[in-house]
Structure formats: structure tokens, C-alpha cells
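Read the figures in this text as sums done on the coordinates, not as results from a lab. Since the model is a prediction, treat every value here as computed from it, not as a measurement. Please note: Cβ atoms are built from the backbone with ideal geometry, for glycine as well, and neighbour counts cover all protein chains shown.
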Amino acid sequence: MAPHHVLVLGGHGKIAQLLTPLLLRRSWDVTSIIRSQEQVAAVQKLGEIKEANSGKLNVLVRSIEDVKSEADAKAVLDEVKDVDYVVWSAGAGGKGGSERTYAIDRDAAIHFIHASASTPSVKRFLLISYLASRRSKPSWWSDDQWKAAEEVNTQALPTYYKAKVAADEELYKVSKQRGSEFVGIDLRPGTLTLDPAGKVELGKTKGSKGNVSRESVAKVADLLLASDTAKNSWIDLLDGEEEIDKAVERVVREGVDAAEGESVY
């Protein structure tokens, strides 16, 4: 596969720090956007790969929270230059109240989606969301599983849910409009853990909740970005019984899309 230049938004996050070295090992260049100077050293260490032909890592300190328009997001893309893949791994992390959650997880994410889709060089946008982020009960979940998802969305994480589902839907709609020119991949893990990567359940999961290793999320994201035939889709992810590479190959080959049942689908 030809080399790529990946813009990683939220580059200091745990998943982003696991994903970045995987991308570099593909001989892809990575520009990592982080929010503070104090994070620079930790992220720069990710580029210290002692392998031939590893990609180059560039670290930029920019506030995603300050992105208030598509033009602001486009300015970041233009500054980095020659980006063809974008990964959204940013988020308010529950800090700063509902206003900050909406500003980052919904508004800034949507601004970057639109800015990316309007930038001819950008061909893919991978957004990391969460498993229960949907408005309708999918046919593959039981009533109890849907009830559990609704409890998360209405009681445990109501603001986060509203922000994430809006961004998820916008990515799907924009990718649908652009067709094969711009592929939106929405990776939707369950409860994140620090366990080592293992086998997974990928695509349409049997349940609406469960754990998944952050390292598994990073490995799935890496393989989805590297797949020539991945299409616009929501892809749900839990720990499971299938090897990661086989799971990704199957989901892409079969065109599995967990957005089925949603109005955007």
C-alpha cells in the first residue's frame, strides 16, 4: 500500500498513543495534534522507532477546543499539508462540563469532518466513538440489550451521547454523499480497558455493552485504515473470540455496517 500522511487529532490520548507507532511502522507519516506543550515529549517518543523505512512523526500543539468553525478546522489541515487520512481520537474526557463536551466531541468533530471532506487530498476519516451511540434498537440486540444501551445514553452519559451520536451521524451522511472519494469509518468500542490486545468481536456485536482493550482498538483502527476496500460504515467492537486481522478482513469483505437500522443508513 502506498505511503500515507495521517493527521491524528487527540494524539496524546491512550488509543492514539497506541495507534501512532502502528501507522509509523507502515512507513506512513503521522502528524499528531495535542493540546499542551507538556504533552510533547511523551508523544515525540512514539516516533523513536528503530526500524528501517519507518514514517516520520510531527507533533503540533493546537487547541481543538478553539476550533469553532469549518474554516478553523480547514486552517489546521492546510497548516499540516498533504494529509490524506484523518483520525479523530480527541474528546473532552468529561472535563469542563456539558458545554466543553459539546464544543469538542460534537462541534469540533463535525467541523473537522466537513473540512476533511472538502479537502481533495483527504480520502478517509476514522472517528472513534462508542458502542451504544445510536438512536434506534438494532435488530441484532435483544430488548434487554437495548434497554442497557438506553440507560447509558440517558442516565450515565447523556451529554456525551448527544455529542457523539451527532458526530457519528454527520460522518456517515457526509461520506454517503461523497461516495468512494471520502470514506468515513466509525469505530465504536465498548468500555475501554488497559488489558493487552486480544481476540475481538467486530462488526455487529451480540451485546450493547462489554469491555475491549484499548490496544485492540488501536490495532483494529490501523488495519481498517490500511484496507483498500473499507467503506463508509459503523463498526462495533468488543473483546471476543476472533483474531483481529481475520475479524477486520471479514467485516470489510462482507461490508458489515452497524449503522443499519438508523435513519442515516
*Within region 174-184, can one find any residue that is of a type in the set (Phe, Trp, Tyr), buried (at least 17 other Cβ atoms within 10 Å of the Cβ), touching a helix residue (DSSP H, G or I) at 6+ places or on another chain (Cβ under 6 Å) and more than 15 Å from Trp140 (Cβ to Cβ)?*
yes
*Residue list for region 57-101, filter: among the hydroxyl-bearing types (Ser, Thr, Tyr), surrounded by fewer than 18 Cβ atoms within 10 Å (Cβ to Cβ) and more than 17 Å from Arg35 (Cα to Cα)*: Ser69, Ser98
*Take region 14-62 and flag every residue that is among the hydroxyl-bearing types (Ser, Thr, Tyr) and in contact with a strand residue (DSSP E or B) (Cβ under 9 Å, 6 or more places away or on another chain).*
Thr20, Thr31, Ser32, Ser36
*Check Ala163 against each of (1) in a helix (DSSP H, G or I); (2) surrounded by fewer than 18 Cβ atoms within 10 Å (Cβ to Cβ) and name the one condition it does not meet.*
(2)
*Determine the pairs where a residue that is over 20 Å from Gly96 (Cβ atoms) and touching a residue at least 60 places away in the same chain (Cβ under 8 Å), located within region 148-168, has a partner that is of a type in the set (A, V, I, L, M, F, W, C) and surrounded by fewer than 19 Cβ atoms within 10 Å (Cβ to Cβ) with Cβ atoms under 9 Å apart, the partner being 6 or more residues away or on another chain.*
Asp168/Val264
_Let me confirm something: among Leu192, Leu224, which residue is among the hydrophobic types (A, V, I, L, M, F, W, C) and crowded, with 19+ Cβ neighbours inside 10 Å?_
Leu224
*asked:* Could you go through region 17-36 and let me know if any residue there is touching a residue at least 40 places away in the same chain (Cβ under 8 Å), polar (S, T, N, Q), surrounded by fewer than 20 Cβ atoms within 10 Å (Cβ to Cβ) and out of contact with any Leu (no Cβ under 9 Å at 6 or more places or on another chain).
replied: no
